[in-house]
Amino acid sequence: MTGTVAVVDRIPTFRAGLTAVLEQGGFAVAEPEPPDLRMPYDRIDAAVVTVHTADMHTIRELVADFPDLIVVAVLVSPAIADFHGALRAGAHAGVLWDSKPDDIVAVLRAAIAGQTLLPTPIVRALAESSVERPEGGTLRDDEVRWLRAIARGTSVVRLARNEGYSQREIFRRLADLYARMGVRNRHEAVALASRWGLLMPAPDSAAEHRTTVLQLHKTR
């Protein structure tokens, strides 16, 4: 299965390399017309997004604006955290940049067909790192909010003031929360909450990071 694909990459040489690979695989690579206008993602089948760092904003923005768009992340780093981050951001599949051209094309074709292909070592690492919440491990909305605040670096003193509690009371409530999560301190709580998928930004805060337009990056 082929189709029309957009290649999103801030580095011209990477973008050109991916374009060549996809065109050889039978895909038509879309170009914005004119190039300074927003890419008509609603008229293409998929977007291939190169992830150079842990920043997944581009993927999140594409998925938010075009829910039906297939997004495949091409990761420069083989780090499990980057694969996990891309999938959490909404990518349908991930593949390493230095994979064989045929493998990149196969991952894209599978994603368009409704399947997800991932490297076996990544799948194993994701399985080993996944942690299910124990029974009774459901957290209240305010407790999730506290964990997100602590993960952002908010002090317990500031958290108490923001939530309208005394320092003593917020310490007590946090201690109870940590005990129910099965952790010993705030650092372990934040790490576990991240693995449970609780630290993704709320819709309102995610909107603060959205760019005014989504477009293919022009060659510098």
Next on the checklist: Once you compute Rg and the Kirkwood Rh from C-alpha atoms, what is the Rg to Rh ratio for segment 4-129?
Outcome noted: 0.94
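So what's the convex hull volume per residue for the Cα atoms of segment 141-204, in Å³?
Values: hull volume 5.3 nm³, N = 64.
Hull volume over Cα atoms, normalised by residue count, gives 83 Å³.
Rule-based calculations on the coordinates, nothing more; no lab input. Every value quoted in this text rests on a predicted model; they were computed, and no experiment measured them.
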